[in-house]
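Working notes, structure below.
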Amino acid sequence: MGTTNSKYLPKEKKNTWLKYDEAELIKVMEYNENYRKFISKCKTERECVAESIRLAESKGYCDLKAVIETGKSLKAGDKVYYNNMDKALVLFYIGSEPLEAGMRILGAHIDSPRIDVKQNPLYEDTEMALLDTHYYGGIKKYQWVTLPMAIHGVVCLLDGTVKEIVIGEDENDPVVGITDLLIHLAATQMEKKANKVVEGEDLNVLIGSIPLEGEEKDAVKANILRLLNDKYGMEETDFLSAELEIVPAGAARDFGIDRSMITGYGHDDRVCAYTSLTAQLDVESCEKTCVCLLVDKEEIGSIGATGMESRFFENAVAEVMNCLGDYSELKLRRTFANSKMLSSDVSAAFDPNYPSVHEKKNASYFGRGLNFSKFFGARGKSGANDANPEFIAEIRKVMEENKVSYQTSELGKVDEGGGGTISKFMAVYNMQVIDSGVPVLNMHSPWEIVSKADVYEAQKGFHAFLTKI
């Protein structure tokens, strides 16, 4: 019998924590503390855009729309951002090579599963005021009841004034929430399937119970309207032009006795958005133009004017090319075709409580670094991008040369499930695209969990992609 030469065997994936010396361990914790603060503050896509712009401007980025309006030109080394309706954002760091040579793009989404307030939401029932809602994205509805929740969003008044609303985050704020049936009366409820235990139309948010003195009908509702008018100047009809999201209240927290993880709302996909953003902001010089693309609506199919199906990104690139004095339709098409992209979205971390849905050799794990997925999709790879092996080999080389811990996976067993990302919408331009991201536990629940080591390695890997490929 012959013997197996060990040099041909795959390298064993070791726990990433074991490679850090004391100095780098401090960097891991410091980086994750900044991320924890970001995700605690940015619970809606609008808040993510506003904070990302603030961080970008502190690094020298300016508004592309202002450049266009003033008729200024762009040149290599310039940094600009394009804000799309306050719910999507793209940042450009202009490289020394022509744009036509292609861009290096980091893309992620900044919307997360949540509960949205309907347009005609406010009503009173048995002297309690409630809001009708419609859940957003794929959720297990029973996970969203009995939790302290906050209201985030905007209301646009008839005079054009836009009022920002955040109720439930300050320690002195009240919180709101969705009630559930007590176990003593839940015999029939407990016999239902999990997807029917709590129905979508029953996700009504309780917001008050004090009646307004002197009101004979719907006095509790009248009192809520009085409070909203006093603070925000809004009337009931202003709900028609409001965008209010019900999200878990409270800051993200360190998780685990060893503080190795973070639990918080919206890791999917703001953990990839933040690591992409900071990787872009840390680029000091580049040959190929570096791009960070943060989009909305991925959780409901990437549709709409702020989703990846929109042409806002294509339009923004055209505007940049025009400001560089080098626009043509053909050059725009070549720019996209010559570009390379990491479509960054979270992956499902292996959960030892539920091993049966994973195939262990092709699962992602906590503490093993940035994850790459050749394909997502469902069943027979339906809806998958399916990256080219030549591109994957190029990425492997750069990750290993830059000592980035990385792993590969697919989303669960074949025929067990699947998922989609924004990668397929970028692949239509004939560019090289692969899915990448951070493994997550409790995905799409109110409180998701990530490993700090994986978050740190993602930022390192994204930075290496922008500057080395």
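The values are calculated or read from the model by the stated rules, or taken from the named source; none is laboratory data. As the structure is a prediction and not an experimental result, all values here were calculated from the model. Using ideal geometry, Cβ is built from the backbone for each residue, glycine included, and neighbour counts are taken over all protein chains shown. Keep in mind that these areas ignore ligands, DNA and RNA; they rest on the heavy atoms of the full protein, side chains included. Shrake-Rupley method; radii C 1.70, N 1.55, O 1.52, S 1.80 Å.
Structure notes:
- Put simply, the convex hull of the Cα atoms in the range 226-361 casts, on average, a shadow of 15.6 nm².
- Portion, in percent, of the accessible area of the range 1-158 that falls on carbon or sulfur, probe 1.4 Å: 53
- When M85, M128 are compared by accessible area at a 1.4 angstrom probe, the order from most to least is M85, M128.
- Share of pairwise Cα separations in the range 163-234, more than 17 Å, in percent: 63
- Contour minus Cα-Cα distance for Y20 and L181 (0.36 nm per residue): 53.2 nm
- Dipole in debye (nearest 20) - the range 217-311, about Cα centre, beta carbon charges: Lys, Arg +1; Asp, Glu -1: 260
- Pairs exceeding a 25 Å alpha-carbon distance, out of K288/K331; K192/K217; K41/K196; K19/K361: K192/K217; K41/K196.
- The label-point distance for N388 and K65, in a model that sets each label 7 Å from Cα toward Cβ, rounds to 3.7 nm.
- The range 201-273 pair-distance distribution - Cα-Cα, 10 Å bins, rounded %: 14, 30, 24, 19, 11, 1
- Values (1) 25.3; (2) 21.9; (3) 23.8 are given for comparison; Kirkwood radius over Cα pairs in Å, derived from the coordinates here, is the one labelled (3).
- Translational D in µm²/s for the range 123-200 (Stokes-Einstein at 37 °C, 0.692 mPa s, Kirkwood Rh from C-alpha pairs): 214
- The residues of the chain present an accessible area of 48 Å² per residue when probed at 1.4 Å with all protein chains retained.
- Projected-area average for the range 100-151 over all orientations - Cα convex hull basis, square nanometres: 6.6
- Principal semi-axes of the equivalent ellipsoid, √(5λ) from the alpha carbon gyration tensor of the range 366-469, are 21, 20, 11 Å from largest down.
- Net charge over other residues, Cβ less than 12 angstrom from the Cβ of L324 (K, R count +1; D, E count -1): -2
- Distant alpha-carbon pairs in the range 307-368 (separation over 17 angstrom), percent: 60
- Sulfur and carbon atoms: percent of accessible area, the range 253-411 [1.4 Å]: 47
- Sites N34 and E314, calculated FRET efficiency, Cβ-Cβ separation with R0 25 Å, nearest 0.05: 0.20
- Under the combined filter of DSSP loop state and at most 15 neighbouring Cβ atoms within 10 Å, the range 206-288 retains these trypsin sites (Lys or Arg not before Pro): K217, R259.
- Intensity falloff of the range 290-425 expressed as log10 I(q)/I(0), Debye formula with alpha-carbon point scatterers, at q = 0.08, 0.12, 0.20, 0.22 Å⁻¹: -0.28, -0.60, -1.29, -1.39
- Restriction of the trypsin sites (Lys or Arg not before Pro) in the range 371-460 to DSSP coil positions whose beta-carbon has at most 15 other beta-carbons within 10 angstrom yields R379, K381, K403, K413.
- The per residue volume of the convex hull around the alpha-carbon atoms of the range 76-206 is 202 Å³.
- Net charge dipole, the range 95-144: roughly 280 debye, given to the nearest 20, about the Cα centre with Cβ charges of +1 for Lys and Arg and -1 for Asp and Glu.
- For the range 123-279, diffusion coefficient by Stokes-Einstein and Kirkwood Rh (Cα), 4 °C, 1.567 mPa s, µm²/s: 72
- For the range 9-166, the spread of Cα coordinates along the three principal axes comes to 65, 55, 30 Å, biggest extent given first.
- The stretch between V428 and D202, if pulled fully straight at 0.36 nm per residue, gains 77.4 nm over its current Cα-Cα span.
- Loop-located GluC sites (Glu not before Pro) in the range 165-226 whose Cβ has at most 10 other Cβ within 10 Å (DSSP): E171, E199, E213, E216
- Put a plus charge on the Cβ of each Lys and Arg, a minus charge on the Cβ of each Asp and Glu, and nothing anywhere else: the dipole of the chain about its Cα centre is then about 2360 debye.
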